[in-house]
Amino acid sequence: IGPETQNVNEARGETLVINGRYDIEFLSATDKRESTMIAIKIPIYQGLLGLRLLLIKPELNTSISKLRNLKGLQSYIGGHGLHWTDLPIYAANNLKVVTAVNYEKLFEMLKNGRFDYFHRGANEIWGELERYPNDFVVADNIMLFYPHPVYFFVSKHRPELANKLEKGLKIALEDGSFKALFLSHFQDIIDRSNLSTRNLITLKNPTVPKNTPPIDTSW
């Protein structure tokens, strides 16, 4: 069995890494994952996935773009995947939510008004907008942020691989090649997001393990 021949979702891939059939997967950090696999605690996205922009229907842009705090956002309903690890963020921040198991279904639900906004990582939302240019817009003036580290998780059957990967990533951080690679992929997205013009609403994330190192979001 191999990733090149199998259609494997996140949960199935995680099980295969734990069982030693796969070697590595990149996943959001949780206590459970850190206990069942070897976490390489160098955040791949440098916090970018936790920087959320809102995909909405155009007619809501005027009102949502004026939001300045969490209390205001609590008046609206968000959409989220039922099994996504950051779902508990909604309850922790007293946000109303509608869920679905199927990722594509969420866009149809947003289109049909089942919820008001779909918060997406800054590295995800622009590609999704291009798929639905006549249905949605990215809300102006607002962004959300919560700690959401994504690590490489290695099977406990491959500790030598985990050691080599951690060593290599630390070298790449020190010599600047990690940052250069990151910006080669994401600088255009960061620029397009106009982050300096957006009001920031910070959310607490109860799923992040307590010993998680702080994320350097300066990139």
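The values are calculated or read from the model by the stated rules, or taken from the named source; none is laboratory data. This structure is a prediction, so every number in the text was calculated from the model and none was measured. Cβ coordinates were reconstructed from backbone atoms using ideal geometry, including for glycine residues, and neighbour counts include every protein chain displayed. Areas reflect the complete protein model, heavy atoms only, side chains present, ligands, DNA and RNA absent. Shrake-Rupley method; radii C 1.70, N 1.55, O 1.52, S 1.80 Å.
Any idea what the dipole of the chain comes to, in debye rounded to 20, about its Cα centre with Lys/Arg Cβ at +1 and Asp/Glu Cβ at -1?
Charge dipole, the chain, about its Cα centre: 640 debye, nearest 20.
Of the candidates G121, G20, G47, which one comes out as most mobile in a Gaussian network treatment of the chain with C-alpha springs shorter than 10 Å?
G20
For region 157-215, just say rounded, prolate or oblate: build the C-alpha gyration tensor, square-root its eigenvalues into a ≥ b ≥ c, call rounded for a/c under 1.5, and beyond that prolate if a/b exceeds b/c, oblate if not.
Oblate, because a/c is 1.5 or more while a/b does not exceed b/c.
Please report the antiparallel percentage of the DSSP beta bridges confined to the chain, to the nearest 5.
On the way: 17 of 27 bridges.
The answer is about 65 percent antiparallel.
Sum -39500 (n - 2.57) across every DSSP H segment of at least 4 residues in the chain, then divide by the residue count to get the 222 nm mean residue ellipticity, nearest 500.
-9500 deg cm²/dmol
Can you compute 3J(HN,Hα) from phi for each residue in region 193-199, using the Karplus curve 6.51 cos²θ - 1.76 cosθ + 1.60 with θ = phi - 60°, rounded to whole Hz and x for Gly and Pro?
6, 6, 4, 5, 9, 9, 6
Can you pull out the GluC sites (Glu not before Pro) in region 1-63 that DSSP calls coil and that have at most 16 other Cβ atoms within 10 Å?
Here the GluC sites (Glu not before Pro) that fit, given the DSSP loop and packing criteria, are E4.
What are the chymotrypsin sites (Phe, Trp or Tyr not before Pro) within region 13-115 that DSSP puts in a loop, where the Cβ has at most 14 other Cβ atoms within 10 Å?
Loop-located and lightly packed - W84.
Using alpha-carbon pairs under 8 Å, 6+ residues apart, how would you state the relative contact order of region 122-210 in percent?
Details: 46 pairs, mean separation 48.8, N = 89.
Relative CO of region 122-210 lands at 55 percent.
Considering the options L48, G13, S35, tell which one lies farthest towards the positive end of the dipole of region 10-57, charges being +1 on Lys and Arg and -1 on Asp and Glu at the Cβ, about the Cα centre.
So the residue we want is L48.
Compare I18, I89, I171 in a GNM of the chain, Cα atoms joined below 10 Å, and give the one with the largest fluctuation.
Maximum fluctuation in the GNM of the chain, among the listed residues, is at I171.
Let me check something: with ligands and nucleic acids excluded, how do L169, L54, L181 order by accessible area (1.4 Å probe), largest to smallest?
Largest accessible area first, the list is L181, L169, L54.
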